[in-house]
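The values are calculated or read from the model by the stated rules, or taken from the named source; none is laboratory data. Computed from a prediction, not measured in an experiment: that's the story for all the values here. Positions of Cβ are backbone-derived with ideal geometry, glycine not excepted, and every protein chain shown enters the neighbour counts.
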Amino acid sequence: MAKFYVTCAQGLAPYVKEELVALGIDAVEAGTGVEFQGEIKDAYNACLWTRCGSRLLLELKSGRFESLDQLHKELTLFPWSTHMRETDTFATKVTARRAGNIHTHFAALRVKDAIVDYFNDLMGCRPNVDLDNPDLRFYLHIFENRYTLYLDFSGEPLHKRGFRSEQGAAPIKENLAAALLYRSKWPEKAAEDQDFIDPLCGAGTILIEAALMARDIAPGLYRSHFGFMGWRLFKPAEWETVLQNAKARAVAGKARYQGRLIGIERSSMMIGITKANADRAGVLPNMTFKQMSFQEYQRDADLKTGLIVTNPPYGERLGEKSLLMETYRDLGDFLRQYSGFSAGVITSDPELGRVMGIKAERINKFWNGPLNCVYLQFQIDERYFVNREKADHNEQRLEREALFEEGGESFFNRLMKNYRHLSRWAEREGIEAYRLYDADIPEFNVAIDLYKDQVVIYEYEAPPTIKREIAESRFMKVVQITPLVLDHIAVDKIHIKRRQVQKGRQQYERYGEEGHLFEVREKEARLLVNLTDYLDTGLFLDHREVRFKIGREAKRKRFLNLFCYTGSATVHAANGGASETLSVDLSRTYLSWADKNLALNGHFAGHELVQADVLEWLRSEVETLRKKPLMARNKDKFDLIFMDPPTFSNSKRMEGVLDIQRDHTQLITDAMRLLVSDGELLFSTNLRGFRLDPQLNELFEIVDISRATLPLDFKKRPKIRQCFIIKHK
């Protein structure tokens, strides 16, 4: 008999224990996990069947120690060759609790040393360390002066089921989704062929877990690897028996369940991802997908009874909560049409749950990653719904009165005035993306950008003299008032972003994980933007007039775009009739985006994209040009160059660090060597306090066009950037 420990997320131990007991394993809760003693076959079954566990660990040794040197000595005497070969790769990890000043990384190195020393002494050779993909992974847990050594029996975390090769934003892990379904007694309901609905399906995590349960499919059935497969005592024949039993149960379960599984999701891409994953998991039959918002969906007449479980957005980022209230109200209305069903909704904010207007029958606490959440369970019956009309009327009246106090009315009036003026201007100009508000009233320190039918609200960092709670209160007013002015825009199309006072574009900083590209027009140009994945959207609105200038001047010219970002300037040059374009950027992501922008506008041949460190690329091109005969140089030069570098950049792929104040002289000088004698370089920077090197005026003819190229929607921010035309004298 061996001793095993199953780790799990906080609060999931009771569900793991029930799963193991159902497998005939005598398990008990221990700490935040579950432990049991059993045969190796029991551990194989546990790896295959636990839906809520995170890892399964095999205990190898435990004891007391006084120092890491003593621990190293003890572990050197452990018979490692029983469990691994000298040719195996391995990794070690140490966790510690109430262990004084022990440094876990150093302790892990001592465990590694013990393994290496053991094999060196025994065989004169040693196994190698592989931190990323080892054959075996060992864990050492230290509590006070006791240690326990484990072999990672399961390998990758057990929530990774093995069928999710299609990536999509999954805001809930499979093991938590399974726990919610257990809590709502879904296995019992599925045994009665009840139906299942997830009205905010997303990446399909909850829907697929419900299908696996309904069809008695082991969650680990589609995994190609477990940690025990690299173990020296692994018994393939015994594992194969366990695997075949699970496959037989899956075949029987697929035939038995006759209910419907319905996923509602607006995004066709997400539905495609969910379908592909469900197909690989063997649960696509009986699934129905509705590509629409849940607000549009009407209950099918043949749905009699069942379970609704969903994980709506939480609104953890400041300002999103007020936007989500309407979503939760709509979710309450959605549930109301499903009399006879039961439902479960997980949220990190109980107040959002109350907005649904239905009394919860049970409330349980769960952790979704770092978020402390409540799982609200409902029996859907008209008796449990509040009088929404009366409650909403009183709530809205009080909210409106509070909203327009302390400057709220002034902000409302200014935003309305800006929108009326700028929307007419933008329509005349053929512009679908523009700045609507930019800290016009200092107390409301935000920028608001309109992208066709979507809005981005950026919060600037408050000055140190303003208390954070005051700044947050003002920002909440902005978030609540903006939809009142822009009442034609759906609440879920208002995006909230936090940003510090801009010291230059942070164009390469990743922000979120769930966004998609969509198209906006800028006169004749069609450009793709992303309002959720990055602090910036892929289109610098303050450069609009510069792009128009490039488009006007590019006809029959060779155009070079340095630090090209998403290639919007290149699109304007190509639309303007450039004979050829070359765009250079270090980021593969943004070059791919630029390629999509060019293709969207019908530009393919003659438009080259180069991934390179611009400083190094310029040096290389200048050196190559220098080696060519004088008469041959001009044909490789450019007629029009645009350079809009980030103010600061430090990438693993760069040889050095770009500091635009320090490096602009060299950048401009090198770029000018690639410019024909009557050509034009447009240089722009957003660095606050930027000063052009006076030496450049001695070398070149320079004209400041900062104000001349400032768009109407940025006239109140004349210092947002500097832009220069640079020519040869």
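Of the residues making up region 326-365, those that are within 22 Å of V491 (Cβ to Cβ), in a loop (DSSP other than H, G, I, E, B) and in contact with a Lys or Arg (Cβ under 9 Å, 6 or more places away or on another chain) number 4.
Is one or more of the residues making up region 152-167 under 26 Å from F65 (Cα atoms) and crowded, with 20+ Cβ neighbours inside 10 Å? There is at least one residue in region 152-167 that is under 26 Å from F65 (Cα atoms) and crowded, with 20+ Cβ neighbours inside 10 Å. All of F648, F714 fail the test of being of a type outside the set (S, T, Y), buried (at least 18 other Cβ atoms within 10 Å of the Cβ) and either touching a helix residue (DSSP H, G or I) at 6+ places or on another chain (Cβ under 8 Å) or more than 19 Å from Y590 (Cβ to Cβ) (or both), apart from F714. Among the candidates P313, P285, the residue that is buried (at least 17 other Cβ atoms within 10 Å of the Cβ) and not hydrophobic (A, V, I, L, M, F, W, C) is uniquely P313. Listed by first and then second residue, the pairs linking a residue in region 268-281 that is farther than 10 Å from A203 by Cβ to a residue that is in a helix (DSSP H, G or I), with Cβ atoms under 8 Å apart and 6 or more places separating them unless they lie on different chains, are A278/L207; A278/I208; A278/A211; A281/I208; A281/A211; A281/L212. Checking the stated criteria, P694 turns out to be over 34 Å from the mean Cα position of the chain (by Cα) and either surrounded by fewer than 15 Cβ atoms within 10 Å (Cβ to Cβ) or in the same structural domain as R588 (by the TED database) (or both).
Annotation: V657 fulfils all but one of (1) in contact (Cβ under 8 Å) with a residue 24 or more places away in the chain; (2) surrounded by fewer than 15 Cβ atoms within 10 Å (Cβ to Cβ); the unmet one is (1).
Return yes or no: is R126 over 24 Å from G63 (Cα atoms), surrounded by 14 or more Cβ atoms within 10 Å (Cβ to Cβ) and among the basic types (K, R)? Here the answer is yes, as R126 does meet what is asked. Only residues that are exposed (fewer than 13 other Cβ atoms within 10 Å of the Cβ) and among the charged types (D, E, K, R): list them for region 6-28, please. The one that is exposed (fewer than 13 other Cβ atoms within 10 Å of the Cβ) and among the charged types (D, E, K, R): D26.
Exactly one residue out of L667, L710 is part of a loop (DSSP other than H, G, I, E, B) and of a type outside the set (K, R): that is L710. Listed by first and then second residue, the pairs with beta-carbon distance under 7 Å, at least 6 apart or on different chains, first residue in region 465-477 and basic (K, R), second in a helix (DSSP H, G or I) and at pLDDT 85 or above, are K477/G408; K477/F411.
Entry remark, region 670-691: residues being surrounded by fewer than 15 Cβ atoms within 10 Å (Cβ to Cβ) and assigned to a strand (DSSP E or B) number 2 in total. So the check is Cβ under 6 Å with 6+ separation or different chains; which pairs have a first residue in region 608-635 that's farther than 28 Å from P646 by Cβ and a second one that's part of a helix (DSSP H, G or I) and hydrophobic (A, V, I, L, M, F, W, C)? Going by the 6 Å Cβ cut-off, the qualifying pairs are R633/L625. For the residues G319, G306, the requirement of being surrounded by 21 or more Cβ atoms within 10 Å (Cβ to Cβ), modelled with pLDDT under 90 and not hydrophobic (A, V, I, L, M, F, W, C) singles out G319. Scanning region 420-435 for residues that are surrounded by 17 or more Cβ atoms within 10 Å (Cβ to Cβ) and part of a helix (DSSP H, G or I) gives L422, A426. Which members of region 279-297 meet the condition of being modelled with pLDDT of 90 or more and farther than 25 Å from L331 by Cα? D279, R280, A281, G282, V283, L284 - these are the residues of region 279-297 that are modelled with pLDDT of 90 or more and farther than 25 Å from L331 by Cα. Out of the residues in region 471-523 meeting the condition of being of a type in the set (S, T, N, Q) and assigned to a helix (DSSP H, G or I), tell me which one is modelled with the highest pLDDT. Filtering region 471-523 for residues that are of a type in the set (S, T, N, Q) and assigned to a helix (DSSP H, G or I), the one modelled with the highest pLDDT comes out as T482.
Taking helices (runs of 4 or more DSSP H) as the structural unit, those lying wholly within region 548-645 and holding at least 3 residues that are crowded, with 19+ Cβ neighbours inside 10 Å correspond to 568-575, 588-600, 614-626.
A single member of R362, R336 is surrounded by fewer than 22 Cβ atoms within 10 Å (Cβ to Cβ), more than 22 Å from P187 (Cβ to Cβ) and basic (K, R), and it is R336.
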